[in-house]
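This report refers to the structure that appears directly beneath it.
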Amino acid sequence: MSEEMKEWSHMWGAKVKLRNDMSDDMLRDAIETSRRVLSSIADFDTEGLQCAEDIKNEFDARWTPHWHVIIGRNFGSFVTHETKKFVFFYLEDKAVMLFKAG
């Protein structure tokens, strides 16, 4: 019998879609930054856009520009990104997609 490939894994408190294309240190930073920013707001529906902007600005400063951040409860996507610069994960009920396209 062949081993079944897992689609998701729990890393640093997030449910991460496997086949992510990001180094472990950058992935951990993405999860920790997203958790900190999301936990600092009272209402996601009114402050969600600001969260995405805050995460993007932090990643632009730490990992060089041009990062893109999408946060929501339910969305699909198809993006082109730089190699080793893409991740999709869940923090509780929020999905976060972070990628660099420069």
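The values are calculated or read from the model by the stated rules, or taken from the named source; none is laboratory data. Small disclaimer: the values here were computed from a predicted structure and weren't measured. Because the Cβ atoms are built from the backbone with ideal geometry, glycine has one as well, and the counts that use them run over all protein chains shown. Just so you know, the surface numbers come from the protein's heavy atoms only, side chains and all, with ligands and any DNA or RNA stripped out. Shrake-Rupley method; radii C 1.70, N 1.55, O 1.52, S 1.80 Å.
Structure data summary
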{"read-out": "Condition check for Ile70: open to solvent by less than 30 Å² (accessible area, probe 1.4 Å), of a type in the set (A, V, I, L, M, F, W, C) and either assigned to a helix (DSSP H, G or I) or within 13 Å of Val87 (Cα to Cα) (or both)", "value": "no"}
{"read-out": "Unique residue being open to solvent by 90 Å² or more (accessible area, probe 1.4 Å) and of a type in the set (Phe, Trp, Tyr) when the list is Phe78, Phe89, Phe59", "value": "Phe78"}
{"read-out": "Subset of the stretch 7-31 that is assigned to a strand (DSSP E or B) and hydrophobic (A, V, I, L, M, F, W, C) - its residue that is surrounded by the fewest Cβ atoms within 10 Å (Cβ to Cβ)", "value": "Trp8"}
{"read-out": "Residue under evaluation Glu53, criteria (1) of a type in the set (D, E, K, R); (2) assigned to a loop (DSSP other than H, G, I, E, B); (3) open to solvent by 70 Å² or more (accessible area, probe 1.4 Å), criterion not met", "value": "(2)"}
